[in-house]
Amino acid sequence: MNVNYEKLDNVNGELTVTLEEKDYADKVTRQLKEIGKKHAEPGFRPGHVPAGLIAKKYGTAVKYDVVNKEVADAVFNYIKENKIQVLGQPVPESDNNFDINNKDFTFKFKVGVAPEFDNHVNKDLHVPYYNIIVPDSMVEEQITALRRRFGRQEPGEEMEPDAVVKGTITELNEDGSVKEGGVVVENGIIAPVHFKNEDQKKLFEGKKVGDVVRFNPAATCDANPTEMSSMLNIDKADVDAHKGDFNFEIKEIIVLKPAEMNQEFFDNAVGKDKAHNEEEFRAAVKELIAMNFSNDSNYRFTIDAKEAVQNAVGRLELPEQILKDFLMRQNEAMKAENIDEEFDKLRPQLEWDLIRDNVAEKFGVKVSDEDVLDEARGVVARQLMQYGAAGLNEQIIERYAQEVVKEEKQREMLAQNALNRKVFEVIKENVTLDGKEVSVEDFQKLFISAGEQA
């Protein structure tokens, strides 16, 4: 067997595979023998069918399969051994004239190859990097939120904006008298801070234990059946009959007392022994916010770096016809009449994938199993935080991550994410960063002006 590759231009080549009878004859014979061992024919038991009869009945089909496999393997192995970066798939040429009755065969394939180019990732390439300034006001807001998070609930004498109120809820007539046979909830609980109606919220302002407030449950929640049934302890089907006013006799007010600025709070909020006084605590909170901002800065860098590298590289030459043929074979929605338009949509991503792979090869970026698993750990941790399970330990995160990487599609996606992350890391290390300090507001404007979403 002989395989020859000829480069036609920068992005197109031709593979020629020449197959002689000696290259495939033994394999055809072996397969026919296996068929003879297993197949019965009229008048013959398996293993006793004459070889000539087997060859006559199955010889052409077996030869066809063997020849096709030999050619496909030859093409695949040649591309792999010679490290030809093929785009799409090799396309058989129309003049191959495949006649199964021949002894020798010649097959030609059109091959689309990746263009050669300089990715320009070096210190001559400048990319902006935005360092977001942490304002003191944001530090104070975060401290307030942390004190509330680690605070405690306790009885209070007077209403506060976010207090929970317990008491008796009694249904009234229009004249304000108690409705006979009306709804009475002895152990009612409400949180005015969550009312949708501001006027209803104000009714409870400044009230104390023992006060009676006339309010309208339906107005507090836009007459939502689920919320009304929960507040009044009635079936959702019955809420329409109870949209009038009610009295709320306040028996208990539960207020949230923010955590004291002490060592226990510092340890809970920013980590054990990370802060020992208020000054150190404020610095630690500011550092945590800055760390979160660094993720935003790095995300912005990927946008700016991608644009800078693409601009430096310019428009890449691609084997367009081969890629269009490949896309139409892969996707039934792509037809000859719309393939040009669809290809133009896909072209920017195709070009970036080539640039990314070029950068990865230049700087020796490899994605290991541990890289993929690390991506999975990050995905799992973020999902758990999203569903309020941030306190789960590393062992649980690890167990879920191990399950995620077992799914082939998930693993492929994680591998691509790991490759993207590592490529941008090496770009960041090897270009010149033009550091710029910006406010949160100005940083957000970068996305608005570019029509992007952070």
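The values are calculated or read from the model by the stated rules, or taken from the named source; none is laboratory data. What you see is a predicted model, and the numbers here were worked out from it, not measured in a lab. Note that each Cβ is placed from the backbone with ideal geometry, even for glycine, and that neighbours are counted across all protein chains shown. Accessible surface is based on the protein model in full, side chains and every heavy atom, while ligands, DNA and RNA are left aside. Shrake-Rupley method; radii C 1.70, N 1.55, O 1.52, S 1.80 Å.
Within the stretch 303-320, how many residues turn out to be within 29 Å of the chain's Cα centre (by Cα) and open to solvent by 70 Å² or more (accessible area, probe 1.4 Å)?
The total comes to 3.
Just to verify a result, which residue in the stretch 277-293, among those that are in contact (Cβ under 8 Å) with a residue 24 or more places away in the chain and not hydrophobic (A, V, I, L, M, F, W, C), is farthest from Val127 (Cα to Cα)?
Selected residue: Arg282.
Do you know which residues across the stretch 315-347 are within 25 Å of Phe447 (Cα to Cα) and touching a residue at least 24 places away in the same chain (Cβ under 8 Å)? Before you say what the answer is, go through the steps one by one.
To start, the set of residues in the stretch 315-347 that are within 25 Å of Phe447 (Cα to Cα) comprises 315, 344-347.
Listed by number, the residues that qualify are Arg315, Arg347.
Looking at Tyr130, Tyr78, which is the one that is in contact (Cβ under 8 Å) with a residue 40 or more places away in the chain and not in a helix (DSSP H, G or I)?
Details: Tyr78 fails: not in a helix (DSSP H, G or I).
The unique qualifying residue is Tyr130.
Across the stretch 175-213, which residue is nearest to Ala163 (Cα to Cα) among those that are within 52 Å of the chain's Cα centre (by Cα) and among the polar types (S, T, N, Q)?
My answer is Gln200.
In the stretch 13-52, what count of residues is obtained for those that are out of contact with any strand residue (DSSP E or B) (no Cβ under 6 Å at 6 or more places or on another chain) and either open to solvent by less than 30 Å² (accessible area, probe 1.4 Å) or not charged (D, E, K, R) (or both)?
The qualifying residues number 20.
Taking the conditions exactly as written (more than 30 Å from Glu205 (Cβ to Cβ) and of a type in the set (S, T, N, Q)), does Asn247 satisfy them or not?
no
Answer yes or no as to whether Val75 is in contact with a strand residue (DSSP E or B) (Cβ under 7 Å, 6 or more places away or on another chain) and over 30 Å from Leu346 (Cα atoms). Give the steps one after another, and end with the answer.
Values: in contact with a strand residue (DSSP E or B) (Cβ under 7 Å, 6 or more places away or on another chain): yes; over 30 Å from Leu346 (Cα atoms): no.
When the stated conditions are applied, Val75 does not pass them.
Within the stretch 54-75, which residues are surrounded by fewer than 16 Cβ atoms within 10 Å (Cβ to Cβ) and either under 18 Å from Ala40 (Cα atoms) or free of Cβ contacts under 8 Å to residues at least 40 places away in the same chain (or both)?
Within the stretch 54-75, Lys56, Lys57, Ala61, Tyr64, Asp65, Asn68, Lys69, Ala72, Asp73 qualify.
What is the number of the single condition among (1) closer than 30 Å to Ser439 by Cα; (2) surrounded by 18 or more Cβ atoms within 10 Å (Cβ to Cβ); (3) in contact with a Gly (Cβ under 9 Å, 6 or more places away or on another chain) that Pro258 does not meet?
Of (1) closer than 30 Å to Ser439 by Cα; (2) surrounded by 18 or more Cβ atoms within 10 Å (Cβ to Cβ); (3) in contact with a Gly (Cβ under 9 Å, 6 or more places away or on another chain), only one is false for Pro258: (2).
Quick one: would you say Val359 is at pLDDT 95 or above, buried (at least 16 other Cβ atoms within 10 Å of the Cβ), under 23 Å from Asn12 (Cα atoms) and among the β-branched types (Val, Ile, Thr)?
yes
Can you tell me how many residues in the stretch 278-302 are of a type in the set (Phe, Trp, Tyr), under 30 Å from the mean Cα position of the chain (by Cα) and open to solvent by less than 70 Å² (accessible area, probe 1.4 Å)? Break it down stepwise before answering.
Just the residues of the stretch 278-302 that are of a type in the set (Phe, Trp, Tyr), to begin with: 281, 293, 299, 301.
Of the ones still in play, those that are also under 30 Å from the mean Cα position of the chain (by Cα) are 293, 299, 301.
Imposing the further condition that a residue be open to solvent by less than 70 Å² (accessible area, probe 1.4 Å) reduces the set to 293, 301.
Residues in the stretch 278-302 being of a type in the set (Phe, Trp, Tyr), under 30 Å from the mean Cα position of the chain (by Cα) and open to solvent by less than 70 Å² (accessible area, probe 1.4 Å): 2 in total.
Would you confirm, using the coordinates I've provided, whether Asn358 is over 30 Å from Ile133 (Cβ atoms), out of contact with any helix residue (DSSP H, G or I) (no Cβ under 6 Å at 6 or more places or on another chain) and not small (Gly, Ala, Ser)?
Spelling it out, Asn358 is indeed over 30 Å from Ile133 (Cβ atoms), out of contact with any helix residue (DSSP H, G or I) (no Cβ under 6 Å at 6 or more places or on another chain) and not small (Gly, Ala, Ser).
Report every pair of residues separated by at least 6 positions or lying on different chains whose Cβ atoms are under 9 Å apart, first residue within the stretch 181-205 and under 12 Å from Ile250 (Cα atoms) and free of Cβ contacts under 8 Å to residues at least 24 places away in the same chain, second surrounded by 16 or more Cβ atoms within 10 Å (Cβ to Cβ) and hydrophobic (A, V, I, L, M, F, W, C).
Glu186/Ile169
Restricting attention to the stretch 90-116, and to residues there that are at pLDDT 90 or above and open to solvent by less than 30 Å² (accessible area, probe 1.4 Å), which single residue is farthest from the chain's Cα centre (by Cα)?
Only one residue tops the list, namely Phe105.
Taking only the stretch 309-344 into account, find how many residues are of a type outside the set (S, T, N, Q) and assigned to a loop (DSSP other than H, G, I, E, B).
Filtering the stretch 309-344 for residues of a type outside the set (S, T, N, Q) gives 309, 312-320, 322-329, 332-337, 339-344.
With assigned to a loop (DSSP other than H, G, I, E, B) added as a condition, the list becomes 314-319, 332-337.
Residues meeting the conditions: 12.
Residue pairs, Cβ under 7 Å, 6 or more apart or interchain, first in the stretch 249-264 and more than 30 Å from Val178 (Cβ to Cβ), second open to solvent by 40 Å² or more (accessible area, probe 1.4 Å) and in a strand (DSSP E or B). List them.
Leu256/Gln153; Lys257/Arg152; Lys257/Glu154
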